[in-house]
Structure formats: C-alpha cells, structure tokens
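Take a look at the structure below.
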Amino acid sequence: MVNETVKEYLIRRNFGDRLTEHAETIDTVEHAAQQIGCSEAEIAKTLSFMVEEKPVIVVMAGDGRVNSSKFKAQFHTKPSMVARDLVEELTGFQPGGVCPFAVKSGVPIWLDVSMKRFEYVHPAGGNEFTSVKLSPDELEKAVDAEGWCDVCKGWYDEA
C-alpha cells in the first residue's frame, strides 16, 4: 500500500522513517485525524489549484479554508481547484492521496503559514493510506517549497 516513489523520495531526504501506513483510509481531514490520533487542524491538507493554466500545490492546516482575497493577492488570480479528473495527470497522485512529496516536475509547492503554529503536521504520503509526520520546518526542507504563503482563513481569530 505504500507509494514507493514517495517512500524513496523521503528516504533520499532522510525522512523515510516518518512515513506511516494506516489500516483505514485517511482520504479526508477527519479520517486522517482519527487514524493518526491528532487534531484535524494538525493534518496538512494538500490542495491543487490552477494558476495561469498550470497546477500549483498549496499545503495548509486542516482547519484552514482558502481566502479568495489572500489567494488572489498571492497568485494574482482567483482560486480555482484542479478538476478532479485531472488531479492525477497534473500532480501524479489520485484525489485523496495528493501529497507534497515526489510531485510531478515543474509543479510549485507553497506552504501556508497556518501550519506554523504546530510542533508537527501530517501530510498524506502519496495515497489514501499513508501519512508523514514532520515539523513545519522539516516539511519546508522535504518538499523544496517555493516558500510560505498566507492564503487561508478560519484557523485564527478573525475578530
């Protein structure tokens, strides 16, 4: 059940021991939190968007929601998710298993600041049955991220 490409990718970056296989699906934030035993917020959800007709991946805390204004300020376009039937073709992963590791070449990866408040976050590991436990700083190193962005709402007090 382990995605061998992701496993090898993580081993090359000295994070191979952080990959965990789960008996039940972790295809949603709720399912992942239940299987891992953490809060939903600590799940690092990986979303794929189209920006200038090219895919872009944004990894954010599980309790974050995309803020259209912030997204547009960062990427100069309205947020538009990759169509479900194109996710695998554009990212290399099926919906429910999209992760920031071993993504197809040329797909930029951004990390949202919503994850920085946690000691560890848990992105998917290449399919709906694996996850990876990393600190936000380790995640940044592991994925060769473009950088940190601030495109989420709902995870902090917006009063």
| request: Mind counting the residues in the stretch 1-13 that are surrounded by fewer than 17 Cβ atoms within 10 Å (Cβ to Cβ), outside any helix (DSSP H, G or I) and not hydrophobic (A, V, I, L, M, F, W, C)? | output: 1
| query | List the pairs whose first member sits in the stretch 41-53 and is in contact (Cβ under 8 Å) with a residue 24 or more places away in the chain and part of a strand (DSSP E or B), whose second member is of a type in the set (S, T, N, Q) and buried (at least 19 other Cβ atoms within 10 Å of the Cβ), and whose Cβ atoms are under 8 Å apart, counting only residues at least 6 apart or on separate chains? | reply | Ser48/Thr91
| said: Suppose the filter is part of a loop (DSSP other than H, G, I, E, B), within 18 Å of Val6 (Cα to Cα), of a type outside the set (S, T, N, Q) and in contact (Cβ under 8 Å) with a residue 12 or more places away in the chain; does Glu140 pass it? | reply: no
| Residue check for Asn3: of a type in the set (S, T, N, Q) and over 17 Å from Glu128 (Cβ atoms) | no
| Members of the stretch 33-55 that are charged (D, E, K, R), buried (at least 16 other Cβ atoms within 10 Å of the Cβ) and under 22 Å from Asp85 (Cα atoms) | Lys45
| query | Does any residue of the stretch 55-68 turn out to be farther than 17 Å from Phe118 by Cβ, without any contact (Cβ under 8 Å) to a residue 40 or more places away in the chain and of a type outside the set (Gly, Ala, Ser)? | reply | no
| Do you know which residues across the stretch 22-34 are acidic (Asp, Glu) and at pLDDT below 95? | Glu24, Asp27
| For Phe118, are the conditions met, namely being within 12 Å of the chain's Cα centre (by Cα), crowded, with 16+ Cβ neighbours inside 10 Å, in a loop (DSSP other than H, G, I, E, B) and in contact (Cβ under 8 Å) with a residue 60 or more places away in the chain? | no
| note | Quick count over the stretch 14-32, residues being buried (at least 16 other Cβ atoms within 10 Å of the Cβ) and not aliphatic (A, V, I, L, M), is 6
| query | Of Gly92, Gly126, which residue is in contact (Cβ under 8 Å) with a residue 12 or more places away in the chain, closer than 20 Å to Ile43 by Cα and not basic (Lys, Arg)? | reply | Gly126
| task | Quick one: in the stretch 85-113, of everything that is out of contact with any Gly (no Cβ under 7 Å at 6 or more places or on another chain) and part of a strand (DSSP E or B), which residue is surrounded by the fewest Cβ atoms within 10 Å (Cβ to Cβ)? | result | Ile109
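The values are calculated or read from the model by the stated rules, or taken from the named source; none is laboratory data. Keep in mind that what you see is a predicted model, and the values were worked out from it rather than measured. Ideal geometry is used to build each Cβ from the backbone, glycine not excepted, and the neighbour counts take in all protein chains shown.
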